[in-house]
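Report on the following structure.
Bear in mind these aren't lab numbers, they're just calculated from the coordinates by the rules spelled out. Computed from a prediction, not measured in an experiment: that's the story for all the values here.
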Amino acid sequence: MTHVIQNILTTLRAGEWMPVTAARVLIGIFFCISGGTKLFVKAQFGVLEKTMVQIHVPFPHWTALFVAMVEFACGAGLALGLLTPICAAMLTMDMIVAIATTSIHTIQASGFLAWLDDFLYLPEVLYVLILVWLVCSGPGRYSVDGLIAPRVGAVGVER
């Protein structure tokens, strides 16, 4: 029986690259599209800029531009698997700031468990979880990082 369990676990481990790659590519596409619409659709940029004004961020225009560029560029980086840990870390910071400045204020729960339930239901919390996973796990086998790493002598990128 132990042998069967070990075989199952080995088989699952061999396919681990699939969900890592899917999560990286899909969340990358999501952020690239989100940042791209903020950069290239004037109305969407206006909404972001207005949000920056409402939360009293200094230099709201430039901050909105920076946030949109980070989402666009780091989303593209994740989709390609290029500089994955750096891109995922940058987007993690973006989401933590979004949670702290806007999303957390939308929670209207009474009681700690209800508040925690609503907090964990925020999409940004899930994004942070996935992004931290990507920082720790790396890009997966099929990525630009995976192609470049052996050529530059980097370690820790799965082949």
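Brief remarks on what is shown
- Acute angle (nearest 10 degrees) that the helix 60-80 long axis makes with the longest principal axis of the chain, alpha-carbon atoms: 20
- Selected from Val144, Val132, Val41 as most flexible by GNM, with the chain as the system and alpha-carbon contacts under 10 Å: Val41
- Overall form of segment 68-122 per C-alpha gyration tensor (a/c, 1.5; a/b vs b/c): prolate
- Taking only the Cα atoms of the chain, the radius of gyration and Dmax are 18.8, 63 Å.
- From helices alone, the chain scores -25500 deg cm²/dmol at 222 nm; the rule is -39500 (n - 2.57) for each run of n ≥ 4 DSSP H residues, then divide by the residue total.
- Listed residues Leu80, Leu131, Leu113, most fluctuating in the chain (Gaussian network, C-alpha, under 10 Å): Leu113
- Between 0 and 90°, nearest 10: helix 112-121 axis offset from the chain longest Cα axis: 70
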